[in-house]
1. Considering each of 8, 78, 23, 39 in turn, give the residue that is at pLDDT below 95, touching a strand residue (DSSP E or B) at 6+ places or on another chain (Cβ under 9 Å) and among the aliphatic types (A, V, I, L, M).
2. So, in region 18-58, of the ones that are under 21 Å from residue 144 (Cβ atoms) and part of a loop (DSSP other than H, G, I, E, B), which residue ends up nearest to the ligand (Cβ to nearest atom)?
3. So for region 200-207 (the condition being among the aliphatic types (A, V, I, L, M), in contact (Cβ under 8 Å) with a residue 60 or more places away in the chain and within 14 Å of the ligand (Cβ to nearest atom)), does at least one residue qualify?
4. Scan region 73-91 and report the pairs whose first residue is within 18 Å of residue 135 (Cβ to Cβ) and whose second residue is of a type in the set (Lys, Arg), with Cβ atoms within less than 8 Å and a gap of 6+ or a chain change.
5. Within the set of pairs 6 or more residues apart or between chains, which connect a residue that is more than 9 Å from the ligand (Cβ to nearest atom) inside region 170-182 to a residue that is among the acidic types (Asp, Glu) with Cβ atoms less than 6 Å apart?
6. Residue 177 passes all but one of (1) assigned to a helix (DSSP H, G or I); (2) under 17 Å from the mean Cα position of the chain (by Cα); which number fails?
7. When you check residue 300 against the structure, is it crowded, with 21+ Cβ neighbours inside 10 Å, touching an Asp or Glu at 6+ places or on another chain (Cβ under 6 Å) and part of a helix (DSSP H, G or I), yes or no?
8. From the list 34, 90, pick out the single residue that is loosely packed, with under 15 Cβ neighbours inside 10 Å and either closer than 22 Å to residue 108 by Cβ or over 18 Å from the mean Cα position of the chain (by Cα) (or both).
Amino acid sequence: MLQINPNLADLVADAAAGLRDRLNATASITAAAPGRVNLIGEHIDYCDGFVMPFAIDRYIVIAGCANGTKDARVATALDGEIAVFDVSVPQQEAAPKWSNYLRGVIAGFQAKGYHIPGFDAYIISSIPGGAGLSSSAALECAMATFLEGLLDTVMDTREKALLCQKAEHDFAHVPCGIMDQFASAFGKANRLVLIDCQSGEPELVPFENPDLTVIIANTMVHHELSDGGYAARRKHTEDGLAIIGKKSWREVTESDVTGAWDRLGDPVNRRSRHVVGEIARTQAAATALEKNDFGSLGPLMAASHDSLRDDFEVSCKELDIMVEIARNIGSVGGVIGARMTGGGFGGSTVTLCQSSKAAEIAATLAAEYIAATGITPQIFASRPSQGAHLVFKS
Ligand code: GLA
């Protein structure tokens, strides 16, 4: 039941073939950027919190070349339409929708003074879309890396990730935090990307124990973060902080929240309780992981899910069902912890488990989820993988 992750080399070959077939061009630059899964620290990257994602071995690959004109001509494996747009002028939003992630990144390069030459490109992905696994951040980071190749430049990784985040804000209208673009840009094999979102510093934390497996279960309930729920949550946290009267959530204690409970009012009081609790849980999880203290890690992941479900209200019935199945398998069956991952309102769960039981756990998750919902989930395991990189340039 565990799906096999497509090989990056195969994706690269398919991207080159797509470029040839759809645009009659030969790849001279190929860039790849991964999606991410978050182990813990949800909806607190925009609250100066800590988050603990890693780059998964599922990628967006862009293969292309300069075309000697002032236009970008871009085709994707998912859409019959070829987007053609003039890249010699400041970028604006326009159809097709997916092209805005590219336009946003190009606008970021233009704002830094780069002149973008016309190019042909073909895009292919092994990251399920709308599954809470940051396919949009991967598209942005892959595009930025492709442009580095095209312009023969290397941007500082942090600067590149922030440029991609701005593209998401300005061209996709999702006021996201820094987690997804940082995970996609900074990811490394066998490393978690522990981010202190107050300082904006990522720390690469070893995660190489072969006895541990991370299972990602896509509920197939698609989320759309641009439809307002995400922005509303972010606003609640800003209101909460203003009412509590502190400069940063890092200075806020649990008793600050309980002391201001009525003034905060519902739902801002519950949103605030989530933020303070999740910051503490993520710090505790980082310590637990360092000590291989799985007995502590499981309950922290469980408390994170419950708080996202009840206080932050970003879970949904299907995510709750998938987490509940994992919880029922329990430590006897090899499950260490399970929770929803990413922005929520659908998407995926993450289950940390013993490798020897992973196949069995995946089979149970699939069978019981189908029985409960009638939906066939997509289930795969992933290990921390290399972040955005130029695969080749000739
Ligand atoms: C989305 C956003 C991230 C983060 C998560 C929730 O993935 O892009 O910045 O806020 O939701 O943790």
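1. Testing whether each residue is at pLDDT below 95, touching a strand residue (DSSP E or B) at 6+ places or on another chain (Cβ under 9 Å) and among the aliphatic types (A, V, I, L, M) leaves just 78.
2. If we take residues in region 18-58 being under 21 Å from residue 144 (Cβ atoms) and part of a loop (DSSP other than H, G, I, E, B), then 27 is nearest to the ligand (Cβ to nearest atom).
3. Scanning region 200-207, I find no residue that is among the aliphatic types (A, V, I, L, M), in contact (Cβ under 8 Å) with a residue 60 or more places away in the chain and within 14 Å of the ligand (Cβ to nearest atom), so the answer is no.
4. 75/22; 83/73
5. Pairs found: 171/93.
6. (1)
7. No; evaluated as a whole, the condition is false for this residue.
8. 90 is the lone residue from the list that is loosely packed, with under 15 Cβ neighbours inside 10 Å and either closer than 22 Å to residue 108 by Cβ or over 18 Å from the mean Cα position of the chain (by Cα) (or both).
The values are calculated or read from the model by the stated rules, or taken from the named source; none is laboratory data. Keep in mind that this is a model prediction, so the values were computed, not measured. Because the Cβ atoms are built from the backbone with ideal geometry, glycine has one as well, and the counts that use them run over all protein chains shown.
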